């Protein structure tokens, strides 16, 4: 568009002012957080799902983070295909140590998907430590998941150990309040996999990050109703 910006790709951008900018054409990248959320939805509900035009080359380590929980993700062109799996097993180590999934600045794992990975782990086979390093209080929503029957030990405000049910025991329905975007979508994913009807209040938080979410999910088999 005619801007003068140097240092792209480094931690320092230098911008020189110009008299005017001109028009240009640009294609926005797919939302990597939404792509990761759909992977989690497919896995925890045991559904087969194709995510079209996922922007695979720009997803970084997101697909591999889900693969470490045992979720199979195939690639076809720029589409991600998540086959239906009755069970998925968390990666284990020969010395018996527990897998740790932690966030980090790019190109590390985005903190915005830790809540989704945590919910998905509740139905995996095995245990995982979720370590939220970059933000405060993002794990306090797990008490609602515990009320739903999830086996989670909240160690401190930044760390939680999840012991998976291996799809042998479903979560139970619950009434919840969304404290932020990421916890909100995690609650929605948990509710979709749970038995019974769950209620989530303050869904304007979810709307901030996921446009028209209930209609899009209902179109692929969910049963979500929005109430004023």
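Values in this text are rule-based calculations from the coordinates and carry no lab data. Keep in mind it's a predicted model, so treat the numbers as computed, not measured. Glycine gets a Cβ as well: all are built from the backbone with ideal geometry, and neighbour counts include every protein chain shown.
In nm, what is the difference between 0.36 nm times the number of residues separating residue 215 and residue 170 and their Cα-Cα distance?
Additional length available on full extension: 13.8 nm.
I need to check one value: relative contact order of segment 116-228, counting alpha carbon pairs closer than 8 Å and at least 6 residues apart, in percent. Spell out each step's value before the answer.
Values: 187 pairs, mean separation 26.5, N = 113.
Relative contact order here is 23 percent.
Show me the ranking of peptides 93-99, 8-14, 217-223, 41-47 by mean Cβ neighbours inside 10 Å, starting with the highest. Intermediate results must be reported in sequence, preceding the final value.
Details: 93-99: 9.0, 8-14: 7.3, 217-223: 12.4, 41-47: 21.4.
In decreasing order of mean packing, 93-99, 8-14, 217-223, 41-47 become 41-47, 217-223, 93-99, 8-14.
Given the peptides 164-170, 186-192, arrange them by the average over their residues of other C-beta atoms within 10 Å, most packed first.
By packing density, highest mean first, the sequence is 186-192, 164-170.
Return one number: the angle in degrees, 0 to 90 and rounded to the nearest 10, between the long axis of the Cα atoms of helix 181-193 and the longest principal axis of the Cα atoms of the chain.
40 degrees
Specify the angular offset, from 0 to 90 degrees and rounded to the nearest 10, of the alpha carbon long axis of helix 32-44 from the longest principal axis of the alpha carbons in the chain.
Roughly 20 degrees, rounded to the nearest 10.
Counting each DSSP H run of 4 or more residues in the chain as -39500 (n - 2.57), what helix-only mean residue ellipticity at 222 nm follows after dividing by all residues, to the nearest 500 deg cm²/dmol? Don't skip to the end; give the middle numbers.
Details: 7 runs with 56 residues, N = 228.
Mean residue ellipticity at 222 nm (helix-derived): -6500 deg cm²/dmol.
What is the gain in length, in nm to one decimal, between residue 75 and residue 159 on full extension, counting 0.36 nm per residue of separation less the C-alpha to C-alpha distance?
Full-extension gain reported as 27.1 nm.
Residue 11 versus residue 86, label points 7 Å from Cα toward the beta carbon: distance in nm?
5.0 nm
Among DSSP beta bridges lying fully in the chain, give the percent that are antiparallel, nearest 5.
Of those bridges, close to 70 percent are antiparallel.
Take every Cα pair under 8 Å in segment 30-218 that's 6+ residues apart, average their separations, divide by the length, and report that relative contact order as a whole percent.
RCO, segment 30-218: 17 percent.
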